[in-house]
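One structure is given here, and the rest of the page talks about it.
What follows draws every value from the coordinates through simple rules; no lab data is involved. Just so it is clear, the structure is predicted and the values come from calculations on it, not from any experiment. Note that we place each Cβ from the backbone using ideal geometry, even for glycine, and neighbour counts take in every protein chain shown.
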Amino acid sequence: MLLVMLSGLALAACGDDSGGSSSAQRAAPCTPGVMSEPGMEGDPCPQDDANCVAMGGEAVSTCQADTTWSLMCQCVIPSRCGNGVRDMAAGEQCDGADLAGQTCMSMNMGMGVLSCNPSTCMLDYSMCTGNVPTGGAGG
């Protein structure tokens with residue numbers, strides 16, 4: 001299964017692109033570039049993909065330049081960053097106050113206060129007195 005992170009959302013392929021008769025072809029015209037909303041009137045994507053549902057996602061489609069919904073539905077999994085529970089499977093180093101027991105000292109960053117970036121759920125070393133590691137983890 002293809003899984004891609006985009007703007008805080010994980011996208012996974014779901015449904016099919018068979019080109020056969022589908023609700024996407026029959027749905028009302030749409031605004032190009034807009035994503036469908038699950039359960040909307042004329043929802044172009046069935047919400048019955050077991051893999052998508054198991055991951056907590058919802059199937060969506062993107063409106064094409066010709067104002068029709070794409071036949072390829074994608075599974076969108078909302079970001080869990082910011083819920084206060086560190087999700088290692090999603091690549092979170094921390095979440096809220098959950099710093100996985102780390103401190104500036106345990107990370108060899110000197111003294112100070114280690115925190116969690118609320119947007120990225122990555123450790124924020126900006127309040128540590130040591131050198132900030134390279135690799136984009138800081139704040």
Taking segment 80-132 as the region of interest, what is the percent of Cα-Cα pairs per 10 angstrom bin, listed from the shortest bin to the one with the maximum distance? 31, 50, 19, 0
Taking Rh as the Kirkwood radius computed over C-alpha pairs, what is the Stokes-Einstein D of segment 50-139 at 20 °C in a medium of viscosity 1.002 mPa s, expressed in µm² per second? 140
Suppose each label sits 7 Å from its Cα in the direction of the beta carbon; what would the N108-T67 distance come out to in nanometres? 6.1
